[in-house]
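Chemist: Pasting a structure below so you can have a look.
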Amino acid sequence: MVDVEELRKKILEKTGMSRAELDRLVEKKMREYAGLLTELGVLYTIAKEHGIEVDIDRSLGFRKKIGELRAGEKDVTVVGRVVRILPPREFKRDGRKGRYVSLILSDGTGEIRLVLWNRDVDLVTSGKIKKGTVLEVINGKVEEFNGRLSLRLGYMGRLLIDPEVEEPLPEPRRYRVEELTPNLNDVDIELTVERVFDDKEVEARGEKIRYVAFLGRDDTGSVRVVLWGKDVELRRGDVVLIRGGYTREGRLGVEVHVGRGGSVEVRRLPYVRKRLAEVEEGDRIEAVATVVAVLSSKPYSAVCRDCGSPAEWDGERWVCTSCGSTNVRVTPLLVLRVDDGSSNLRAALIGAPALRFYGGSFPSGAEEKALSLLGRDVLLRGTAVKNEVTSALEIIVDELGDPDLPREIHDLLQKVEERLGEREETKSREVFKEEEGR
Ligand SMILES: [Zn+2]
């Protein structure tokens, strides 16, 4: 076990300090760390400051791996990295108020919840303990709560922030889609948006909660993601970095959910102006082209939710052509063929972008509005994808609008000027060289 005296002796020997000096230093440090360090921890810090090598294994006692912990164990010492912090909570019991905060610690062999109470909560709210911080829990007690193990500091318990470790603990890692299983906590994952589902709302406890769902992909697979109460507008091709998500078994397999404890960061790649002939799969492009055909026979796809048959707009509502149900799923659609002189491509507006284009004329006047595009020049922004059936490239359009002619002309002129500028520069460089050569 831990030998304070041995470490003390070693420090005295190596530094030439007097016992009284060392005592004063220990006392001062203990105050500084406000009870966060044990005497041993303090001695250890002092040793480290004086460049004294300490055999960690022997001096810091027996550390257990998180994966080895069992319910009911007392006086356990573990080291783990904080991979997730749950929001602090307040409670009232017997007229007394209290606070607690739960941290999830991980050391690569497992995860365990560490609960800090009352004044220790400040360590989290003040930022002393953050996600990623390595903690040593000394004299912890392992309890079972709702079938999961949790750790709390016992009466003699101590918490050490950034303790010495033999091997670095694994960083909170990012998952890949193929590694996802149900009931994971604290899932960090980076996904590219493949498809955005319509925004929805659910009611829970009289409160309406909005959610955004999308299909995300990395190079190991794709997964449905649900963002709860997050105000984000996603587009196909956006890169979404999720931190602190969790997984659930959904209807179609594992899903990633992000709630209050998680965060979402969206990176939108800029649209790059390209000629259609230069477009490659995955490009986020902007192009000006002429609409040469309207390929969608109808401005929507409407399917009966009850029987799956096609539905139609009867002038007032959507009605199933087969069973007469009005429970219909409608997706506004506009599929075009566009040509910019270099090549021609299929360009599809699905859902929200199509509805934005049709505006008030959906659904009654939508067909006419679509046909009015024939022969017109349009500006489109979207992502180039490979059609699953024909494997031809096509553009999934986010925005369709009129080309901004003054801007187009301005850009063109600028390009010309740049070219001229380059030539001028080359010329002057040549002149300069000649001058130098003399
Ligand atoms: Zn039907």
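The values are calculated or read from the model by the stated rules, or taken from the named source; none is laboratory data. Only a predicted model underlies this, so the values are computations on that prediction, with no experimental measurement involved. A quick note on method: Cβ atoms are made from the backbone with ideal geometry, for glycine too, and the neighbour counts reach across all protein chains shown. Ligands, DNA and RNA are excluded from the accessible area calculation, which covers all protein heavy atoms including side chains. Shrake-Rupley method; radii C 1.70, N 1.55, O 1.52, S 1.80 Å.
Chemist: Share of segment 148-198's accessible area from carbon and sulfur, percent, 1.4 Å?
Modeler: Working: 1360 of 3140 Å².
It is 43 percent, rounded to a whole number.
Chemist: So what J values fall out for segment 271-277 if you push phi through Karplus, 6.51 cos²θ - 1.76 cosθ + 1.60 with θ = phi - 60°, rounded to Hz, Gly and Pro as x?
Modeler: 6, 10, 5, 9, 7, 4, 5
Chemist: Taking +1 at the Cβ of each Lys and Arg and -1 at the Cβ of each Asp and Glu, which of 108, 163, 125 sits farthest along the dipole of segment 70-171 towards its positive end, judged by Cα position relative to the Cα centre?
Modeler: Sorting the options by dipole projection puts first 125.
Chemist: Could you state the accessible area per residue of the chain in Å², with a 1.4 Å probe and every protein chain left in place? Before the final figure, lay out each step's value.
Modeler: Working: 26050 Å² over 438 residues.
Spelled out: the 1.4 Å probe surface of the chain, per residue, equals 59 Å².
Chemist: Please list 342, 102 from largest to smallest accessible area, probe radius 1.4 Å, with all protein chains kept in place.
Modeler: On the way: 342 45, 102 10 Å².
Order by accessible area, largest first: 342, 102.
Chemist: If I stretch the segment between residue 99 and residue 75 completely, what's the gain in nm (0.36 nm per residue apart, minus their alpha carbon distance), one decimal?
Modeler: On the way: separation 24, 0.36 × 24 = 8.64 nm, distance 2.33 nm.
Full-extension gain reported as 6.3 nm.
Chemist: Could you grab the relative contact order for the chain? Cα pairs under 8 Å, six or more apart, rounded to a whole percent.
Modeler: It comes to 8 percent, rounded to a whole number.
Chemist: Would you calculate the convex hull of the Cα atoms in the chain and tell me its volume per residue in Å³? Mind showing how you got there, number by number?
Modeler: Values: hull volume 120.8 nm³, N = 438.
It is 276 Å³ per residue.
Chemist: Taking Cα atoms, how many degrees apart are the long axis of helix 19-32 and the longest axis of the chain, rounded to 10 and kept between 0 and 90?
Modeler: In the chain, helix 19-32 runs at an angle near 30 degrees to the longest axis.
Chemist: So, one more: When the solvent-accessible surface of protein heavy atoms is calculated with a 1.4 angstrom probe, in what order do 383, 125 fall, highest first? Please report the intermediate quantities before stating the final value.
Modeler: Working: 383 10, 125 90 Å².
Sorted by accessible area, descending: 125, 383.
Chemist: Follow-up. Going Cα to Cα from residue 65, which lysines come in below 26 Å? Please leave out same-chain ones fewer than 8 positions away.
Modeler: Qualifying lysines at Cα under 26 Å: 48, 74, 128, 130, 131, 141.
Chemist: To continue, here is another question. Ignoring ligands and nucleic acids, what accessible area does residue 386 show with a 1.4 Å probe (Å², nearest 10)?
Modeler: For residue 386, solvent-accessible area is about 100 Å².
Chemist: Separate question: Compare 307, 320 by solvent-accessible area with a 1.4 Å probe and give them largest first, with all protein chains kept in place. It would help to have the intermediate numbers written out before the result.
Modeler: On the way: 307 65, 320 10 Å².
Order by accessible area, largest first: 307, 320.
Chemist: OK, next. Can you give the longest stretch of the chain with no exposed loop site, where a site means GluC sites (Glu not before Pro) in a DSSP loop (not H, G, I, E or B) with at most 15 other C-beta atoms within 10 Å? Mind showing how you got there, number by number?
Modeler: Working: sites that count: 53, 73, 166, 233, 280, 281, 316, 388.
With GluC sites (Glu not before Pro) excluded where exposed in loops, the chain gives 74-165 as its longest stretch.
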